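The values are calculated or read from the model by the stated rules, or taken from the named source; none is laboratory data. All figures in this text were calculated on a predicted structure; none of them were measured in a lab. We place every Cβ from the backbone using ideal geometry, glycine too, and count neighbours over all the protein chains shown. For the accessible areas, the whole protein counts, side chains as well, though only heavy atoms, and no ligand, DNA or RNA atoms are used. Shrake-Rupley method; radii C 1.70, N 1.55, O 1.52, S 1.80 Å.
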Amino acid sequence: MTVPLALAGIRVLDLTELLPGPFATQMLADMGAEIIKIERPGVGDSARSLLPSTYRMVNRGKRSVTLDLKRADDRALLDGLPLLLVGG
């Protein structure tokens, strides 16, 4: 018999960068939450180039999407997602 994870069925939008935020959302993922990481176009998360192994560790299993939050249509996409918002 498999016991469901505590946060199964919860979707979290991750707008964080570097270590503390991605680490926190990775803990949520480990508890079963679906994490969608939002990254800036052309830049992404700074940790990707500064600390590549750490980036991979704290973002494992997350889905990623690029949105330009300076554009109204991308903000509308962000606003339309049903989820718990972390970071920002």
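The table below gives the values:
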item	result
Label-point separation in nm, T66 to L50, each point 7 Å along Cα→Cβ	2.1 nm
Heavy-atom accessible area ranking, 1.4 Å probe, most first, across R11, R48	R48, R11
Paramagnetic reach from V43 (point 7 Å along Cα→Cβ, amide N under 15 Å) across segment 54-76	66-71
Charge context of G80, other residues only, Cβ under 13 angstrom, K/R +1, D/E -1	-1
Cα lying deepest toward the dipole's positive end in the chain, options A47, P4, A24, charges on Cβ	A47
